[in-house]
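What follows draws every value from the coordinates through simple rules; no lab data is involved. Being a predicted model, the structure only gives us computed values, none of them experimental. Every residue, glycine among them, receives a Cβ derived from its backbone with ideal geometry; neighbour counts consider all protein chains shown.
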Amino acid sequence: MKLKESIESVRKTFRADSDPFPTDIRSIEALRVKYLGRKGLLAALFSSMKDISDNDRPLAGSLLNELKQEINSVFYVNKESSETNQVAHDESDYTLPGLKFPIGHIHPVQQTLDEVKSIFMNVGFSVAYGPEIDDDFHNFSALNFPPEHPARDMQDTFFIDPDTVLRTHTSNVQIHLMEEQEPPLRYIVPGRVYRNEASSFKSYNLFHQVEGLYVDKNVSFADLKGILTYFVKRLFGADTQMRFRPSFFPFTEPSAEVDMWSEARGQWLEILGCGMVDPEVFKSVDIDPDVWHGFAFGLGIERICMLKYGIDDIRLLFQGDKRFLEQF
Amino acid sequence: MRIAIDWLRNFVTVPGNTQELGNILTMLGLEADYGLDTSQLGDIIIGQVNECIKHPNADKLSLCKVYDGKDTLQVVCGAFNVNAGQKIAFAPVGAVLPGAITITKVKIRGEESLGMICSEKELGISEEHDGIMVLNKVAKVGTSFINYLHNYSEVLELDITPNRPDCFSHFGIARDLSVKTGSKMKSPENQQRSFQKNEAENWIRLKFENENDCPRYIAGIVQNVKVGPSPRWLKDRLESIGQRSINNLVDISNYVMMDIGHPTHIFDYDKLGSKEILIRRGKKGEKINTLDEMERKISPNELLITNGKKPIAIAGIMGGLDSAVNENTSNVLIESAYFEASIVRKGAKSLGMSTDASKRFERGADPIGAENAFWRVIDLLEEIAGGKWIPGVVDPYPKKINSKRIVLTRDKLDLLSGCDINDTFVVKTLTGLGCTIKGKSKKWTCVPPSWRPDLEREVDLIEEVIRMFGFDNVPTKYHYNGIMETHEPDPHKELSNIISILTGLGFIQVFNNSLQSKKIVSTLDIPAVKVMNPLSDTMSHLRTSLIPGLLETADYNLKNGTTDVLLFEWGNIFRQEKPGLKGIVEKFQLTGIIHGNLNEKSLHRINKRPASFLILKGLVDTFLTRLKFHNVAFNGLKENELGFLNSFTIKVAGNTIGYIGDISSKFSSNMLLDLKQSFGFQFDLNQLLKLLETTSRYKPVINFPLIQRDLNFVMDEKIQVGNVNSTIQNNGKNILLKSEPLNIFRQESLGKEKKSVAFNLVFQSSSKTLEDKDVNPVIDEIIRVVSKKYSAKLR
């Protein structure tokens, strides 16, 4: 039977053509058209069925179907591997876009935090960490916030119980450090802090703070100004205009707020708070305030980050929107 | 606090323009601004109304010709007070006002309007919307409105820190200013009056339950006052700082407080119902209706002024409605007291009230200022309300408040300031602030004034000296003594490496809220730490896992059109393992999830590749290898309490450092998320960081050739390939370098429920070139063990 021979010959050429199975899309498509296309070899065999005698037709039909199945299954088996991960080998056109890989992004708060840490570490500060949930003593009393003092209103507090709080600043670690180590001390303390404030474009119920502490025998307000001037100029540029403005914090005396001038906004912007460690703080951890002096400072990473990148809504930093984060 | 600059001029010469004054006060620690956000007023300019006629088609509108320094523009204005000749704040076409309102060219009742004449409300200055803001005649047409505010604004908003009760008045601000500028202070007009016989004692008797709560209470009587509107000057004064005039009596009390700082209260004497005033703590169940017509429930937290039976005022916070003055009042009792700061604060807090009076008392009042305020009120009641003072004053002052003596030494001043401040400056400053000072250089003895309760210690005086010297005049020094740290400065040093690797693998870092709803934390069976006073129910508990936050973020992105995410976060999670603070455990964690597709369809990839467990496993494996962790073991578990299904523990050198698995669908259903299946990992960051401290040691590079062999086993479908591979590895006899499954093949010819798995084995010896006779026995043994253990057949 002539058709049977034709079927075998197509089978033979197919096996030769498909082993190895082509890897690029064009060759696969060409192979498919050659055998399975509307005018392909298989279609030609099927159309020649009409010339077969009625006796031979059932056998020829089953042979032809067998071939069709074989060809289909080869395509099927190879298709999966070629479709899932194989690069189409059309490398002739170098103007095509390259293969894309997923791109990760470091959060702008992390980038700011890393930069702040590195500036202080460059001038000899070590880094310490401490608990986010702490007792009233470490978060308030030891830092010279007497009970019933209006200063406590400066920081709206989340309570776990009447004596346990979600820390409102990382200054609690200042107390832990001084309880555990003898001066001299030179640390920065990054960490998450909480404020019981409704969310808005400028406030969120938590943020990241970096607090600094330097305790030694001869430490003056001039030294505080020195370190923080260095810090601000390193972070925002050597030409940054800044000022130290008197302020109040229970745990420092004198206390100051550091502002930097924003030409774009035509105004001073608050960037950090600082001051000389209050003698009451030293007393609460049994360090002699007549011998030891020091300065402390605290800054909000989110605030600095927002100033640096011109971000106008703090909530963007906690939303995890890919369209926002992929800009960093 | 809002201050009027003209009011300040009553006491001191005000230097420069408003901006300059604001700067001086700011640099004294009295942060000043214009009481409004000027950042959005950049488009506003000064205009002049040259012509103002009635709008032809509307009764209440005017048609103005406004000159903006260049052109004269037609503007339609609806304010009643617009008139020709006025200088006004003009928003030209294109200007953007607070609230993002853009001024456009419009036609109003058929007349073109090219801009807007602004009211205070439109400028965000006040709620005043009745009329336009008419500016001072000196304003220069065509210049910026912000510039005008810098020069001519008549008010400043001051942010008074909690340590400065003395600055809650024009007089107090003037005092700081005069010390700084050297300009002489004018004292407020208050005269202590003398009297022959203390007739006031016939009208009033005072009793104190506890003099610690109320160390001083001054009371006096003025008869036959006429209640009515205040005179123009008094109204103007109060209105200049944004206060509304009520009647002459109330205005007098408010005026004296804003003028010299001490709060007083005026009772309607005839409504007291008794001649006896008893100052005592509140009792449980007691109630009082306060001036703001609210019923207040009293507790022993509050100090009360009572008529012996009933409360007539909450001390230092607010007066009672029943004893309030009104148009029929004729005899009044004047109270000027010193209440203990902490009592007032406790009371105000527990009642949820904050008043002008409570703000001052809770920061520490002035026991002598109380006297001054008392006499000033008496004067004004006679002068303005036509009353007659009953000679005498009831002022037992049961507990004298004395200022402490403070020793200030030159040594400490030099040490803390880090600069030279001469003796003359020190003495002049402290004297100017009201201290009496004795002694010479090196050591002074100071007694601070009654109005400065914040000056208690040497360091407080030093602050005052440096503050007046000017923080900006202190030099910047840069030196260290005595510390040379040799330990690793940052315990989280490796965290930045971890972050770099993960982001290099395509993960995006996020920071999520630590506070979650009860519903979310209850997804896991972990006892959560509860917040006593949450902002809302959605933030009542501390997170017990970083997974929910990551899922929420993925879901947020999904809803905003980004299906495919690889996310990670580091942060603390919290468990309440036992009651109390000691029972709270904080754990430092690193968690990541993948969701959607790892890659989309593209020119180079015919199909997208959906995220899967094995993709994540590969990522985690790469991550750990990059951190130089070798021999990472993934040990199968079914489900764990941490929210993973089909999970594996990740072990390094025998330590469990984390988990990997399918994220339980419990989260999505509990949190009502649209997410499909996601996969996640979780590491104990402290453990990871600790393991990273050890330096890995070098292994020599081996140059003997590798021998590769493939083995193909047919085995039951249900056999796990990873286990077979482990078996092969365990039987490698020191020469099997690695073994890896190559492909899995299924065909009917293999038999039902069977698969054929090919393994690639790589052999190498560290001491010689391997030959067939070395490798073959090992391979034979591997074939024997695998065939037996898994009923597999070599193909």
query: Among B:MET294, B:MET185, B:MET484, B:MET257, which comes first, second and so on when ranked by fewest other beta-carbon atoms within 10 Å?
result: B:MET484, B:MET294, B:MET185, B:MET257
- prompt: What percentages, rounded to whole numbers, describe P(r) for the protein assembly as shown computed over all alpha carbon pairs with 20 Å bin width beginning at zero?
  reply: 9, 28, 30, 17, 10, 4, 1, 0
query: Shape of the range B:284-368 from its Cα gyration tensor (a ≥ b ≥ c, root eigenvalues): rounded if a/c is under 1.5, otherwise prolate when a/b > b/c, or oblate?
result: oblate
query: Toward the positive end of the charge dipole of the range B:346-411, about the Cα centre and with charges on Cβ (Lys, Arg +1; Asp, Glu -1), which of B:GLY387, B:ASN372, B:ASN402 goes farthest?
result: B:ASN402
field: Sparse-neighbourhood loop sites, trypsin sites (Lys or Arg not before Pro) in the range A:1-71 - DSSP loop, at most 12 other Cβ within 10 angstrom
entry: A:ARG38, A:LYS39
field: Distance (nanometres) between label positions extended 7 Å along Cα→Cβ at B:GLU771 and A:TYR309
entry: 6.5
Partner lysines for B:LYS754 [C-alpha distance under 30 Å; skip if fewer than 8 residues away on the same chain]: A:LYS12, A:LYS68, A:LYS79, B:LYS608, B:LYS617, B:LYS638, B:LYS718, B:LYS733, B:LYS738, B:LYS788, B:LYS789, B:LYS793
- prompt: What residue among B:ASN712, B:LEU761, B:SER791 has its Cα farthest toward the positive end of the dipole of the range B:707-794, where the charges are +1 on Lys, Arg and -1 on Asp, Glu, each on the Cβ?
  reply: B:SER791
query: Any idea what angle helix B:772-790 forms with the longest principal axis of chain B, computed on alpha-carbon atoms, 0 to 90 degrees, nearest 10?
result: 70
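Give the shape of the range B:493-692 as rounded, prolate or oblate, defined through the alpha-carbon gyration tensor: a ≥ b ≥ c are the square roots of its eigenvalues, a/c under 1.5 means rounded, and otherwise the shape is prolate if a/b is larger than b/c and oblate if not. Mind dumping the intermediate values first?
Numbers: a/c = 1.80, a/b = 1.22, b/c = 1.48.
Cα axes put the range B:493-692 in the oblate bin.
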- prompt: Between the range B:712-748 and the range B:162-183, what is the C-alpha centre distance in whole Å?
  reply: 85
field: Computed [θ] at 222 nm, helices only, for the protein assembly as shown once each DSSP H run of length n ≥ 4 contributes -39500 (n - 2.57)
entry: -9000 deg cm²/dmol
message: On C-alpha positions alone, give me the angle between the axis of helix B:721-730 and the longest principal axis of chain B, in degrees, nearest 10.
response: 70
task: Taking just the C-alpha trace of the range A:108-325, give me its Rg and Dmax in Å.
output: 16.9, 55
- prompt: How about the range A:92-137: which chymotrypsin sites (Phe, Trp or Tyr not before Pro) there lie in a loop by DSSP and see at most 12 other Cβ atoms within 10 Å?
  reply: A:TYR94
message: Report, in listed order, any pair from B:LYS699/B:LYS768; A:LYS100/B:LYS676; A:LYS225/B:LYS438; B:LYS297/B:LYS518 with a Cα-Cα distance greater than 21 Å.
response: A:LYS100/B:LYS676; A:LYS225/B:LYS438; B:LYS297/B:LYS518
statement: Ordered by number, the GluC sites (Glu not before Pro) in the range B:194-241 that occupy a DSSP loop and have at most 16 other Cβ atoms within 10 Å are B:GLU199, B:GLU209, B:GLU211
message: Over 19 Å apart: what share of the alpha carbon pairs of the range B:246-301 falls there, rounded to a whole percent?
response: 51
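Rounded, prolate or oblate, given the Cα gyration tensor of the range B:32-88, with a/c below 1.5 counting as rounded? Don't skip to the answer; put the middle values down first.
Numbers: a/c = 2.60, a/b = 1.78, b/c = 1.46.
Note, shape of the range B:32-88 comes out prolate.
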- request: Give the span of the range B:188-334's Cα atoms along each principal axis, as three whole-Å numbers ordered largest to smallest.
  value: 44, 41, 29
- line: Computed about the Cα centre, the charge dipole of chain B from +1 Lys/Arg and -1 Asp/Glu charges at the Cβ has a magnitude in debye, to the nearest 20, of 2420
statement: Distance in Å, no decimals, from the C-alpha centre of the range A:161-223 to the one of the range B:373-446 is 35
field: Spherically averaged projected area of the range A:2-84 from its Cα convex hull (nm²)
entry: 5.3
field: Test item: B:158-168 mean partner chain Cβ contacts at 10 Å
entry: 3
- request: Would you mind giving the average projected area, over all directions, of the Cα convex hull of the range B:647-747 in nm² with one decimal?
  value: 11.4
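How large is the Kirkwood hydrodynamic radius of the range B:562-613, in angstrom, based on all distinct alpha carbon pairs?
On the way: mean 1/r = 0.0714 Å⁻¹.
Computed over the range B:562-613, the radius equals 14.0 Å.
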- request: Return the distance in nm (one decimal) between the two label points of a simple spin-label model at B:SER354 and B:SER669, each offset 7 Å from Cα along Cα→Cβ.
  value: 4.7
message: How compact is the range B:314-409 by the rule of thumb for globular proteins, expressed as Cα Rg over 2.2 N^0.38 Å?
response: 1.30
message: Just to check, using Stokes-Einstein with a Kirkwood Rh over alpha carbon pairs, what's the diffusion coefficient of chain B at 10 °C and 1.306 mPa s in µm²/s?
response: 46
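Say R0 is 35 Å: what FRET efficiency, to the nearest 0.05, do A:LYS12 and B:VAL714 get from their beta-carbon distance?
Working: r = 29 Å, r/R0 = 0.83.
Step by step, r from the Cβ atoms, then E = 0.75.
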field: Calculated FRET efficiency for the pair B:HIS479/B:ARG410, C-beta based, R₀ 22 Å, to 0.05
entry: 0.50
Helix B:547-559 axis, angle to chain B major axis (alpha carbon atoms, nearest 10°): 90
task: Would you calculate the separation in nanometres between label points at A:ASP161 and B:THR563, each defined as 7 Å from the Cα along the Cα-to-beta-carbon direction?
output: 5.0
message: Quick check: Cα centre of the range B:645-677 to Cα centre of the range B:305-372, how many Å?
response: 60
